[in-house]
Amino acid sequence: MATETLLNLWENLAKLPLVMLLKDTRNVFNMDELAVEIAQIAVPAALALAADPVASLIDTAFIGHLGPVELAAVGVSIAIFLLFKLQKTSSLRNAFSVVQDSPMLIPAQQYLTLRSLGAPAVLLSLAMQGVFRGIKDTKTPLFATVVGDVANIILDPIFIFVFRLNVCGAAIAHVISQYLISLILLWKLIEHVDLLPPNIKDLQFGRFLKNGFMLLMRVIAATICVTLAASLAARHGSTSMAAFQVCLQIWMATSLLADGLAVAGQAMLASAFANKDHDRAKAIASRVFQYGLLLGLVLSIFLFGGLQFASRLFTEDVNVLNLIAVGIPFVAATQIVNVLAFVFDGINYGASDFAYSSYSMVLVSIISILCLFALSSSHGFFGIWVALTIFMTLRAYVGLLR
């Protein structure tokens, strides 16, 4: 009787989502068929997704040696550019209200004005990368992104230091690289896909608009949180904004490595659900989750050990370095949470659960925005990073709940 009760208890526990995600952990290091397929999709996707933040990180390193004001100005510009890419409802002057009468204003305006010329290329390349992911081809976007980012890295010092264009040179180099990426992707896409469907009904506009609107809501909500954090950092002065820019770029570059796992989970789960193979769907979800835990742990250890020394690559200003030291523990410690948040996003997308993903992100963003205002005013730079940690923790939590 006792044995039967224990067996029933174990069967009930095995049905719990978290227990299911930890199922067969002994296979996590095995290079079986599932692991190979995940790697073939995830590794190129991760490298492609991280390539642009890494290029921005290199931009940050070059610009940081111009001075903390220039570094802070570029940070403000990037934050505003991300928001403008989604919502073009405010004028440039209103958007820069956070840095009026500040030495950041002029270089920030110069950088944003030039970088905005690359917005069409950025949006076009993002759309085409989505097409390639849909056909499980993550190698082509990686090739295009690497070529573009290498061009950016080569052009940066030429435009910034040789031609003495300062922040304008960094913006010009970035714009050139984005158009190069778009041209390569378009050239490759024409070889794979007939861009003009035989029937207008084949475009499925209704389904596209519904899911697209849900995802747009989610992206806007998440972007507003990060942009607001940058705005609040800028209100504390150029030193705070410069340190925030360095920490944020490192945080995003490392965290987006996990998005490769999310892409693999999304593509493979969608295929499994289409074939009604629910056992395979469970196996994919659990393996991707376990890889996410490992990746987050490795990234945390790496950043804890290396960032104190690497921060001097971005600036020599003592005050900026002191503030970066405050942000490093948050950047390192949140890696596991960040990875799990991205992985759960991929799992939910693979199940076509766009409505929950969108509404939950809006709720998480509202709570996080309130935390940003409260903690920024009371604890400054430290409070901003506490609020961002809360933001990513809530993202991971609502993903796990689903």
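Couple of notes before you dig in:
- Just so you know, in segment 345-364 the residues that are small (Gly, Ala, Ser) and in a helix (DSSP H, G or I) include one that is surrounded by the most Cβ atoms within 10 Å (Cβ to Cβ), and it is Gly346.
- Qualifying residue in segment 269-280 (condition: assigned to a helix (DSSP H, G or I), among the hydrophobic types (A, V, I, L, M, F, W, C), free of Cβ contacts under 8 Å to residues at least 40 places away in the same chain and open to solvent by 90 Å² or more (accessible area, probe 1.4 Å)): no
- Residues in segment 328-348 that are small (Gly, Ala, Ser) and within 15 Å of Ile390 (Cβ to Cβ): Ala333, Ala341.
- Members of segment 133-149 that are modelled with pLDDT of 85 or more and not polar (S, T, N, Q): Asp137, Lys139, Pro141, Leu142, Phe143, Ala144, Val146, Val147, Gly148, Asp149
- Residue under evaluation Thr223, criteria (1) within 18 Å of Thr393 (Cα to Cα); (2) crowded, with 20+ Cβ neighbours inside 10 Å; (3) hydroxyl-bearing (Ser, Thr, Tyr), criterion not met: (2)
- Among residues of segment 162-182 being open to solvent by 10 Å² or more (accessible area, probe 1.4 Å), within 15 Å of Leu112 (Cα to Cα) and of a type in the set (A, V, I, L, M), the one that is nearest to the chain's Cα centre (by Cα) is Val175.
- Residues of segment 346-392 classified as over 30 Å from Arg133 (Cα atoms) and either of a type in the set (S, T, N, Q) or in contact with a Pro (Cβ under 9 Å, 6 or more places away or on another chain) (or both), total: 5
- Among (1) open to solvent by 10 Å² or more (accessible area, probe 1.4 Å); (2) over 17 Å from the mean Cα position of the chain (by Cα); (3) not aliphatic (A, V, I, L, M) - the single one Phe330 does not satisfy: (2)
The values are calculated or read from the model by the stated rules, or taken from the named source; none is laboratory data. As the structure is a computational prediction, the values presented were derived from the model and not from experiment. When we count neighbours, we look across all protein chains shown, and the Cβ atoms used for this are built from the backbone with ideal geometry, even at glycine. Just the protein is used for accessible areas: all its heavy atoms, side chains included, with ligands, DNA and RNA removed. Shrake-Rupley method; radii C 1.70, N 1.55, O 1.52, S 1.80 Å.
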